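Bear in mind that the values in this text are calculations on the coordinates, not laboratory data. Just so it is clear, the model here is predicted, and its values are computed rather than measured. All Cβ positions, even for glycine, are placed from backbone atoms using ideal geometry, and neighbour counts span all protein chains on display.
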Amino acid sequence: METSNKKTNKILKGVVVSDKMNKTVVVEVTRFVEHKKYGKRIKKTKNYKAHDENNVKKVGDKVEIEETKPMSKDKHFKVII
């Protein structure tokens, strides 16, 4: 009996906030978390650098990014849509 330990890559949805770098876009991902004690929903945002091979994404575009092996010091995602 074989078990497969395939890791699924994380897929995030966000909005492009910067496209000034060559083949790289900065994507802002927003998520909501619930405060542990008070239960209030809190909006948290985080910026990710993602690889855009053809430089087609512009500021304001909604994109999906997928986790990949590191392409540089802080670029670990690629644009899939």
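Descriptive notes on the structure:
- Elements of the type strands (runs of 3 or more DSSP E) sitting completely within the chain and holding at least 1 residues that are surrounded by 11 or more Cβ atoms within 10 Å (Cβ to Cβ) and in contact with a Leu (Cβ under 6 Å, 6 or more places away or on another chain): these cover 24-34, 62-67.
- Residue ID - nearest to the chain's Cα centre (by Cα), chosen from residues in segment 1-57 that are over 19 Å from residue 74 (Cβ atoms) and hydroxyl-bearing (Ser, Thr, Tyr): 30
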